[in-house]
Amino acid sequence: MAERVVLRDRWGKAIGQIEDKGVVMVLRDRWGKELGRYDKKKDITMNRWGKIIGRGNLLPVLLGTGDNLQ
């Protein structure tokens, strides 16, 4: 079973969640739409279209970008 962490804003409102599926971590917005993935083995973060955003776990950054990273 995958572990889930709910991300909240300063007022406690859920703004997204990160689901750890072992080798891959998936970021979803508050409505469950996938925003990106982090591949632990390759140490890269990708947006929802599979474009590499950078090295390391940058998933929280994708929450604030909307659709800007195309």
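The values are calculated or read from the model by the stated rules, or taken from the named source; none is laboratory data. Please read all numbers here as calculations on a predicted model, not as lab measurements. Quick reminder, even Gly has a Cβ in these numbers, built from the backbone with ideal geometry, and neighbours come from all protein chains shown. SASA here: full protein model, heavy atoms, side chains in, ligands and nucleic acids out. Shrake-Rupley method; radii C 1.70, N 1.55, O 1.52, S 1.80 Å.
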- Tally Lys/Arg at +1 and Asp/Glu at -1 over every other residue whose Cβ is under 13 Å from the Cβ of Leu27; what's the total? +2
- Note on the structure: Calculated from DSSP helices alone, with each H run of at least 4 adding -39500 (n - 2.57) and the total divided by the residues of the chain, [θ]222 nm to the nearest 500 comes to -1500 deg cm²/dmol
- Query: Hey, what did the chain get for relative contact order, percent, Cα under 8 Å, at least 6 apart?
  - Reply: 19
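Would you rank Arg28, Arg37 by solvent-accessible area, highest first, keeping every protein chain in place and using a 1.4 Å probe? If you can, show how the numbers build up before the last one.
Values: Arg28 55, Arg37 80 Å².
Most to least solvent-accessible, the answer reads Arg37, Arg28.
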- Given the options Lys41, Lys21, Lys33, state which has the largest fluctuation in a GNM of the chain using a 10 Å cut-off (strictly under) for Cα springs. Lys41
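At most 10 other Cβ atoms within 10 Å and a DSSP loop assignment: could you name the chymotrypsin sites (Phe, Trp or Tyr not before Pro) in segment 1-45 that fit? It would help to have the intermediate numbers written out before the result.
On the way: sites: Trp11, Trp31, Tyr38; in loops: Trp11, Trp31.
Within segment 1-45, the qualifying chymotrypsin sites (Phe, Trp or Tyr not before Pro) (loop, at most 10 other Cβ atoms within 10 Å) are Trp11, Trp31.
Could you tell me which of rounded, prolate or oblate describes the chain, using a ≥ b ≥ c as the square roots of the eigenvalues of the alpha-carbon gyration tensor, with rounded for a/c under 1.5 and, failing that, prolate when a/b is larger than b/c and oblate otherwise? Don't skip to the end; give the middle numbers.
Values: a/c = 1.91, a/b = 1.23, b/c = 1.56.
Because a/c hits 1.5 or more and a/b fails to exceed b/c, the chain counts as oblate.
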- Between Ile44 and residues 5 or more places away or on another chain, which pairs have amide H atoms under 5 Å apart, with H built 1.01 Å from N, and which residues are they? Asp39, Gly56
